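Peer 1: First the structure, which I've put down as structure tokens, then a few questions once you've had a look.
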Ligand SMILES: [Ca+2]
Ligand SMILES: [Ca+2]
């Protein structure tokens, strides 16, 4: 806008200069014509200038008005607080415009209504307030063999047809139960308890009561109504029901069904643990339940124990003496007896108890030199074919070798492995030390 004005002014000055000196100036008419043109131009620019100012003012007003509106909105731009549905949860705490909240139902319930709702510009929520409805677990007809499904929160129960038993009526009632279930129908007296009918330990009368004209019968814990005859409760065979880990194995070893319950049993050599389901080895060595003699050592094993004694090896050219119950050392070799110096300096004995089928690979045993010896230590596996099938020896650091289990051992078994550690300097063997490890592997995986 100011640039054209400057141009105009320059033009006017040029003309007035020429008019003052008057010699080569154009005629007065020409000057007046020019002045009129300049006036026109000025008017046009003035109009344009005013128009721009007016536009600018309008824009400023509009911006001020918008800013005002937004400030008002920010002051209370939240939607009303939403509650979580009963038996459900609400995710998202912000109730501001354009924020979302989500809804979830507890297990066993399904959402009816909007899964998510948005706080809209109008400060109202989109969608409908959801509710959580109990899922009818009976829809999939889970009860087998003519059983009737009863829907409960997050679960169902089956009232089995006569002759069937189990959570989904999947098993037949053993014949000795079936013969005892023919008792009288439920009593009509409200809140009455049936007298004990002619029942065996696996069959009990139910407790029935009438609530609003309907008979409800319940059983003692561990029993279930197994037929249409609701007056009789039959023991639940938990061992059968949880056979092979349908819902996790009940017992680590064996399951025994009992009237109203079950119990677990363990093999000889184990006690049932406090939770009643697992087996714990009996430490016969600690509890004097062993028959090891004085010159033997008792080694506790899984499910049993072993009596062991160390006899020092008889090797030509060398003699060994026991320096501790588990160690034999070679007597000093006579001077210049090279055959003697080639024999092992010592034998150490170790005994380990393992469970059957222990997963591999894993480190079973470490052999370390107590002090730096020679230039190099070499570790190697000695022993029979069985040892080579299951073990390998690796070096784990400069002074340590480790016996690794590389394939699981199926018990019961006794496996021996020998780790030889040799001290070498300038390719000459300075000494070798044997560690014998005997592993007693149990019959079971516990
Ligand atoms: Ca039982
Ligand atoms: Ca034992």
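Derivation of every value follows stated rules applied to the coordinates shown; laboratory data play no part. In this text, all values refer to a predicted model and were calculated from it rather than measured experimentally. Neighbour counts run over all protein chains shown; Cβ positions are idealised from the backbone, glycine included.
Peer 1: For residue 29 and residue 99 in one chain, what is 0.36 nm times their gap in residues minus the Cα-Cα distance, to one decimal in nm?
Peer 2: Separation in residues times 0.36 nm, less the Cα-Cα distance, equals 17.7 nm.
Peer 1: Also, quick follow-up: For a test of the definition: using alpha carbon positions, the gyration tensor, and the 1.5 limit on a/c, classify segment 266-343 as rounded, prolate or oblate.
Peer 2: Since a/c reaches 1.5 and a/b is larger than b/c, the shape of segment 266-343 is classed as prolate.
Peer 1: Ok, one more. Where does the Debye-calculated log10 I(q)/I(0) of segment 301-412 sit at q = 0.14, 0.23 Å⁻¹, using only Cα point scatterers of equal weight, no solvent?
Peer 2: Here the Debye-derived log intensity ratios amount to -0.78, -1.37.
Peer 1: Report the paramagnetic label zone for residue 296: residues of segment 387-424 whose backbone N is under 20 Å from a point 7 Å from Cα along the Cα-to-Cβ axis.
Peer 2: Inside the label zone: 412-416.
Peer 1: Compute the length gained on full extension between residue 385 and residue 211: take 0.36 nm times their separation in residues and subtract their Cα-Cα distance, giving the result in nm to one decimal.
Peer 2: Extra length from residue 385 to residue 211 when fully extended: 55.1 nm.
Peer 1: Starting from the 7 Å offset along Cα-to-Cβ, what nm value, one decimal, do you get for the label separation of residue 397 and residue 36?
Peer 2: The two pseudo-label positions are separated by 11.1 nm.
Peer 1: Compare the peptides 300-311, 350-361 by average per-residue count of other Cβ atoms within 10 angstrom and give them in order, highest first.
Peer 2: For the peptides 300-311, 350-361, the packing ranking is 300-311, 350-361.
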